[in-house]
1. Within segment 340-382, track down each residue that is outside any helix (DSSP H, G or I), under 28 Å from Asn330 (Cβ atoms) and either free of Cβ contacts under 8 Å to residues at least 12 places away in the same chain or polar (S, T, N, Q) (or both).
2. Need pairs with beta-carbon distance below 8 Å; first residue free of Cβ contacts under 8 Å to residues at least 12 places away in the same chain and within segment 413-425, second open to solvent by less than 10 Å² (accessible area, probe 1.4 Å); sequence gap 6+ or separate chains.
3. Any idea which of (1) in contact (Cβ under 8 Å) with a residue 60 or more places away in the chain; (2) under 23 Å from the mean Cα position of the chain (by Cα); (3) crowded, with 20+ Cβ neighbours inside 10 Å is the one Asp155 doesn't satisfy?
4. Do we have any residue at all in segment 393-407 that's among the small types (Gly, Ala, Ser), at pLDDT 95 or above and open to solvent by 10 Å² or more (accessible area, probe 1.4 Å)?
5. Assuming Tyr416 fulfils every condition listed in (1) touching a Phe, Trp or Tyr at 6+ places or on another chain (Cβ under 9 Å); (2) open to solvent by less than 20 Å² (accessible area, probe 1.4 Å) apart from one, which condition is it?
6. Hey, among Asp235, Asp270, Asp246, which residue is open to solvent by 20 Å² or more (accessible area, probe 1.4 Å), out of contact with any Asp or Glu (no Cβ under 7 Å at 6 or more places or on another chain), acidic (Asp, Glu) and at pLDDT below 95?
7. Filter segment 440-463 down to residues that are charged (D, E, K, R) and surrounded by fewer than 16 Cβ atoms within 10 Å (Cβ to Cβ), then give me how many there are.
8. Taking Ala372 as the residue in question, decide whether it is open to solvent by 10 Å² or more (accessible area, probe 1.4 Å), hydrophobic (A, V, I, L, M, F, W, C) and closer than 30 Å to Gly455 by Cβ.
Amino acid sequence: MSSFNDLMAFQRETQALGQVAGRLGWDQETMMPRGSAPQRAEEMAAMETVLHARRIDPRVAEWIASIDASDLDEAGQAQLREVTRSYERTQKVPVELASQLARVTSKAQGIWAQARADEDVAAFQPILEEVVNLRRQEAEALAAGGDPYDALLEDYEPYTQASEIAAIFDAMRPRLVALRGACLEAEAPAALTGHFPEAVQLKLSHELAAAFGYSFDKGRIDKAVHPFSSGSGIDVRITTRVDEADPFNCFYSTIHEVGHACYEQNISQDYLLTPLGRGVSMGVHESQSRIYENQIGRGRAFTGWLFEQMQAAFGDFGIASADEFYRSVNRVKQGYIRTEADEVQYNLHVMLRFGLERALMAGDLQVADLEAAWNDRFESDFGYAVDKPSNGVLQDVHWSVGLFGYFPTYSLGNVYAGCLNAAMRAAVPDLDQQLARGDTSAATGWLGENLQQHGGLRKPVDTIMHATGSEVSPVPLLDYLELKFGEIYGL
């Protein structure tokens, strides 16, 4: 067992250095002075060089070769599986390419943010071309003759192929389009209007985070342009954003990121700073953020409690009843922004990006044509034209930082969340009575016990099947959406 122990000690050091690199990214998004970006790019590149060297260290191969998996328990075998997968994958990427990707994507993030603020696609195009070119090179190195997009998807949803995701999306699309059309043709619930001061929103967002079990002893909330969760183990930080005309943006961004953060905080400490000590995939991660945000946070029971908290915080804000508030929270409306989309239309936004980035990586679409392709696809899918770049091709940070293959995991997470919600409600029949009191502990406890504590012990699909006892299918999600919004809109 000495080889396994040596391997795991080495892995813990590597994971710890990875957390340091992640903290640099967190700082860049939240507190770093804007003028520090060039230096931060070099710092990130230097960290990536060190990490890449550790990931391809020949000692790792020697340790792996000398370990007999049959001598290990289930967790040990899973650790070995993930170390081996990562090592074999990293060996295929030249260190110079890994370093250059870190350097360019760090620069690109700041350029994207400024271009988005200026509504200037042309200012972003040159650096995006660099990012796309580097990621294509990486994909070709990893794919070894296979599908380059599958090679990138492996970073975010291992053991899954784009063709499998495309099949799920094809099955979802007709029912989603029909439901969207029916909702938009029906009488819409009242929209929330008024002024909601930032300080009050942030105070209530902290209370919401605590209500969902987020530990402030091991985390914190800051503001960012694009909300995100960062870190794992006992240092997991989240961000949110504030619009003083739309408190739902802040509150549900917070709940969403708390779902991510609680997954990380609740993983068994036995796996701390090891390959199993983090979420097993971005799809499974997204299942946690989406079930916290939507099936729990936007449900009739919990919104009744939230309505009372908002009345206490803001006074009379123009909505007279908990039922009217629930309908307003779940209002289906036209819009451009994926992160602000309702549950009915959200997945259609993801499908748009999935198609475009597959075409980019295949070389069928060039960056120079990306804005026009986005605008054409959006108008075809949603029935109206994009009005400005920040509502279109510049709205997401993902492509600036090279996250090609990430977008489909958002909708895959919704599918997983649908499966988990059905199983959770079968296991906790009085769940809504508890949520109506603002008590999420039965829901978060069930998720913690059945999924979160296990981290990366099982492969992504196996993680969901272990928690639910059922095969993964989009049907529970689609049934849930049709039932919920059918009732809201009288369909």
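1. Ala341
2. Here the result reads Arg425/Leu431, each pair linking segment 413-425 to a residue that is open to solvent by less than 10 Å² (accessible area, probe 1.4 Å).
3. If we test Asp155 against (1) in contact (Cβ under 8 Å) with a residue 60 or more places away in the chain; (2) under 23 Å from the mean Cα position of the chain (by Cα); (3) crowded, with 20+ Cβ neighbours inside 10 Å, just (3) comes out false.
4. No; the residues of segment 393-407 include none that is among the small types (Gly, Ala, Ser), at pLDDT 95 or above and open to solvent by 10 Å² or more (accessible area, probe 1.4 Å).
5. (1)
6. Checking each option against the conditions leaves just Asp246.
7. The number of residues fulfilling the criteria is 2.
8. So Ala372 does not fit the description; no.
The values are calculated or read from the model by the stated rules, or taken from the named source; none is laboratory data. As the structure is a computational prediction, the values presented were derived from the model and not from experiment. Note that we place each Cβ from the backbone using ideal geometry, even for glycine, and neighbour counts take in every protein chain shown. What goes into the accessible areas is simple: the full protein's heavy atoms, side chains included, and nothing from ligands, DNA or RNA. Shrake-Rupley method; radii C 1.70, N 1.55, O 1.52, S 1.80 Å.
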